[in-house]
Every structure is written in C-alpha cells, then in structure tokens.
Amino acid sequence: MNPARDPELQHAPKWLKGRGLGPRMRWHSTTDGSLEAMAYARETGDLFLADATGTLSRVDRHGQIASITHLHSPPTQLSWSDDGNFGAALCGEDLILRFDRNLKVVGEFTPSEIPLAIAISPFGNHLAVSYVNATTTFYNERRRKIGRFETLRPLAFLRFCPNEPILFGAAEHGLVCCFNLSGAEIWREKNWSNVGGLRLTGDGDLVYLASFAHGVEVYDGDGASVGSYVLDGTVHRLDASYEPNRLIVSTVEGALYWLDADGELLWSTTVSDDVVDLVCDPFGEWAYVGLGQEGVYSLEWRSESAPQK
C-alpha cells in the first residue's frame, strides 16, 4: 500500500474541483490490488480496506497503515465494530472470518447456507448474517446462534443501530425492515425501488436507502417514509454522518454528491473510477471515497484552522 498524506506533495485528482464548495484532499492511499471492500470504526477513526490480492489493512485517521495481513481468499464484504476492536469479513462464497483490531483471525466458520450480507454490532459482541434462503441469524462472539428470523426476500444489506440492540435490513428490491436480536419483528415496509446500499444516523432515527433511479429514499426509525432526494443518475452508494448533517452519495454513472441534511446539493463532481464504498465522518466534516483502482481519498470540508479530531 502507498499512502500519500500531504496534498502539497501529491497532485489532487482533477475531479476534486467539481461544482460548489469543494473539499481539499487530506490524504490518498492505494491498495496492492483493486479495492474490494471498506469498513469504518467510528469511535477510533480506523479505516479497514480489503483488496483483490487478499490484503487486509487497518489505516488510521491520518492515512498511515497501522496493521496489515494477507488472507488466502479476498474478502468481498467487511464490517467493523464502532469501537474498532472486532471485525468480520465474508470471503469467497461462504467463509466468514472474525478479526481483532490487529487483524488477527480470532474465529471462522462456514455456514451450511450461502451468506449474502454480514454486519457486526457496535461493540463487536454480535454478528448478523443474512442468507440467500431469506433467513437472517444472530451469533454471539462464540458463534452460538442467539436469534433468527425470516423475510419474504433475502436481505442484501444489514446495519446494526449504534444506540439500540436492533438490526435494520433491506433486500435488493421490495423490502426494508427492522428486527431485534431475538428475531422479533419491529417493523417492515414494502419498498418499490431497487436498492444498492443502506445507512443510518447514529440514533437510528433516519434510515437512508440508495435507491438507484429513485435517488436517496429516507425512512424514520419506525419505518415511515419521510421523503426522498432525487439526484441526476442512478444512486448506488451512500453514507450519512452520525448526526443528520451530511450525506455523501455516488451513482453508477460516476457522479459524486455532498448533500446537507435537507438534501441540498453542496458539491458535486464526476469521478474517474468505480466507487466501491463511501464513508461520511460522524460530524459531517470529511469523507472517505473508495475507488476500485485509484484507492481511497480522504476529503475534508472543514476550514484549515479547525482542530484535528
């Protein structure tokens, strides 16, 4: 990996200028192979990257590589606890690995069904796995099943609420829902859009869906639709700040948008590579943009006089 932390020593990409109040580049880091997955630990500021060569790395908030390991099978999905202590990866079709903060494998299992999505709880005590047979199972840190539920469609996207022991999920089409850890349904709603991503605010009061041609669809924590943000292009990736201050959104066509809480456009551009994933910091002051071939860009909208968090 090749981190470049000083924007003065590294040419910023041409797409950075864009339209509106543009960010500055804090740092840029490349991976050995194409970027496959990203995960972020909100409390520690660590960013976890997996590439096509099987390299898994932990990058600190300054863009420095803190830990690195090599896996036999490249991860296709990553999920990390908010406290940064534990993470999980889906490797290949059916291998699930559990890691500590230093990227040591502390557990692994191959379920009998084919897994579709994974999510780890804020303190790493629980792992949720959805399967292609439309079941979702909760496991504790010893891989013991503690809850299970079924949905009409398999859930392609899972997110634990940071403040409550509940799980939000969405299918690729037709369903968004919420369950507790025993598998009891809290709510479910039909959704008529194709979905490419699911994100929450920190208290789970707002649920954002990347809904392709329907833009960004927004639900409240009880499952009621509260509106949508219609954007040019086919929305397929997004992330939200912990407080509902900012959204970063990308489209299949390569557009990248920085929005405020009301969906007003603050900055937009067109990137030159496929967007793998996006991370918005808890305060809505900076973001990580993960591109397949170009690596990860750390972008900052704060004034340069603001203290570093």
Query raised in the report: What list of ³J(HN,Hα) values in whole Hz, one per residue of the stretch 279-293 in order, does the Karplus curve 6.51 cos²θ - 1.76 cosθ + 1.60 (θ = phi - 60°) give from phi, with Gly and Pro shown as x?
Result: 10, 10, 5, x, 9, x, 10, 8, 8, 10, 10, x, 10, x, 9
Requested in this report: Report the charge-dipole magnitude of the chain in Debye, nearest 20, computed about the Cα centre from +1 at each Lys and Arg Cβ and -1 at each Asp and Glu Cβ.
Outcome: 480 debye
Query - Solvent exposure ordering (accessible area, 1.4 Å, most first) of ILE118, ILE65 - result: ILE65, ILE118
Query raised in the report: How much length is gained on full extension from LYS17 to GLU93, taking 0.36 nm per residue of separation minus their Cα-Cα distance?
Result: 23.4 nm
Report summary line: Cα extents of the chain along the principal axes, largest first, in whole Å, come to 51, 43, 33
Report summary line: Site ILE65, offset 7 angstrom along Cα→Cβ, radius 11 Å on amide nitrogen, limited to the stretch 34-58, gives 55-58
Report task. Could you tally the net charge around CYS161, taking each other residue with its Cβ under 14 Å from the Cβ of CYS161, Lys/Arg +1 and Asp/Glu -1? Result -> -3
Report summary line: A student applying the Cα gyration tensor rule (rounded when a/c is under 1.5; otherwise prolate if a/b is larger than b/c, oblate if not) would label the stretch 194-309 oblate
Query raised in the report: Can you list the residues, at least 5 places off or on another chain, whose amide H is less than 5 Å from the amide H of GLY92, using H built in the peptide plane?
Result: THR76
Query raised in the report: If you count, for each residue, the other Cβ atoms within 10 Å and average over each peptide, how do 139-147, 268-276 line up from highest to lowest?
Result: 268-276, 139-147
Query raised in the report: Taking the Cβ-Cβ separation of ASN163 and ALA213 as r and a Förster radius of 25 Å, what is the calculated FRET efficiency to the nearest 0.05?
Result: 0.20
Query raised in the report: Counting Lys and Arg as +1 and Asp and Glu as -1, what is the net charge of the other residues whose Cβ lies under 12 Å from the Cβ of LEU116?
Result: -3
Query raised in the report: Does the stretch 100-191 classify as rounded, prolate or oblate by the C-alpha gyration tensor (a ≥ b ≥ c root eigenvalues; a/c under 1.5 gives rounded; else a/b over b/c gives prolate, otherwise oblate)?
Result: prolate
Report task. Count the lysine pairs in the chain whose Cα atoms lie under 28 Å apart, taking only pairs 8 or more positions apart in sequence or on different chains. Result -> 5
Query raised in the report: Once amide H atoms are built 1.01 Å from N in the peptide plane, which residues 5 or more positions from ILE146, or in another chain, come under 5 Å H to H?
Result: PHE138, TYR139, ASN140
Requested in this report: Could you rank the peptides 224-230, 243-249 by their average count of other C-beta atoms within 10 Å per residue, with the highest value first?
Outcome: 243-249, 224-230
Report summary line: Non-local residues with an amide H under 5 Å from the amide H of VAL276, with H modelled 1.01 Å from N and Pro and chain starts lacking one, are GLY290, LEU291, GLY292
Query raised in the report: Residues with beta-carbon under 10 Å from that of THR69, excluding THR69: net charge, scoring Lys, Arg +1 and Asp, Glu -1?
Result: +2
Report task. Order LYS104, LYS14, most accessible first, counting only protein heavy atoms with a 1.4 angstrom probe. Result -> LYS14, LYS104
Report task. Would you mind calculating the gained length between GLU108 and ARG148 on full extension (0.36 nm times residue separation, minus the Cα-Cα distance), in nm to one decimal? Result -> 12.5 nm
Query raised in the report: Per residue, what accessible area does the chain have, given a 1.4 Å probe and all protein chains present, in Å²?
Result: 43 Å²
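The values are calculated or read from the model by the stated rules, or taken from the named source; none is laboratory data. Everything numeric here is computed off the predicted structure, so don't read it as measured data. Heads up, the Cβs are rebuilt from the backbone with ideal geometry, glycines too, and the neighbour counts pull from every protein chain shown. The accessibility values were calculated without ligands, DNA or RNA, using every heavy atom of the protein model including side chains. Shrake-Rupley method; radii C 1.70, N 1.55, O 1.52, S 1.80 Å.
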